[in-house]
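Read-outs: derived from the displayed coordinates by stated rules, not from any lab. Just so it is clear, the structure is predicted and the values come from calculations on it, not from any experiment. No Cβ is skipped: glycine too gets one built from the backbone with ideal geometry, and neighbour counts run over all protein chains shown.
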Amino acid sequence: MTSRAELSSLAASLDELTRRVTALAESASGADEQDLAADLFAVERSLTGALRRLSRLAEGRR
């Protein structure tokens with residue numbers, strides 16, 4: 001059985017990773033590296049969706 005504490009810990013790690021990717025995307029956008037920024041923002045969207053789903057699971061919701 002998967003523990004909610006483990007899921008919560010994974011969600012926290014994923015949240016930190018998402019923040020780091022966001023910072024890189026914003027930096028690339030500001031440095032006029034639009035292709036890189038667009039790819040990083042796409043990764044950010046995927047991570048954000050995964051974080052939402054993982055957080056729901058950690059809270060016991062589906």
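Computed quantities for the displayed model
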| read-out | value |
| --- | --- |
| Residue that is farthest from the chain's Cα centre (by Cα), among those in region 27-62 that are more than 20 Å from Leu14 (Cβ to Cβ) and of a type in the set (D, E, K, R) | Asp32 |
| Residue match in region 3-12 (condition: part of a helix (DSSP H, G or I), within 24 Å of Gly60 (Cβ to Cβ), in contact with a Gly (Cβ under 8 Å, 6 or more places away or on another chain) and not hydroxyl-bearing (Ser, Thr, Tyr)) | yes |
| Every residue from region 28-42 that is in a helix (DSSP H, G or I) and surrounded by 10 or more Cβ atoms within 10 Å (Cβ to Cβ) | Ala28, Ser29, Gln34, Leu36, Ala37, Ala38, Asp39, Leu40, Phe41, Ala42 |
| Search result, residues across region 43-62 that are outside any helix (DSSP H, G or I) and either surrounded by 16 or more Cβ atoms within 10 Å (Cβ to Cβ) or out of contact with any helix residue (DSSP H, G or I) (no Cβ under 8 Å at 6 or more places or on another chain) (or both) | Arg61 |
| Condition met for Ala25 (small (Gly, Ala, Ser), surrounded by 15 or more Cβ atoms within 10 Å (Cβ to Cβ) and in a helix (DSSP H, G or I)) | yes |
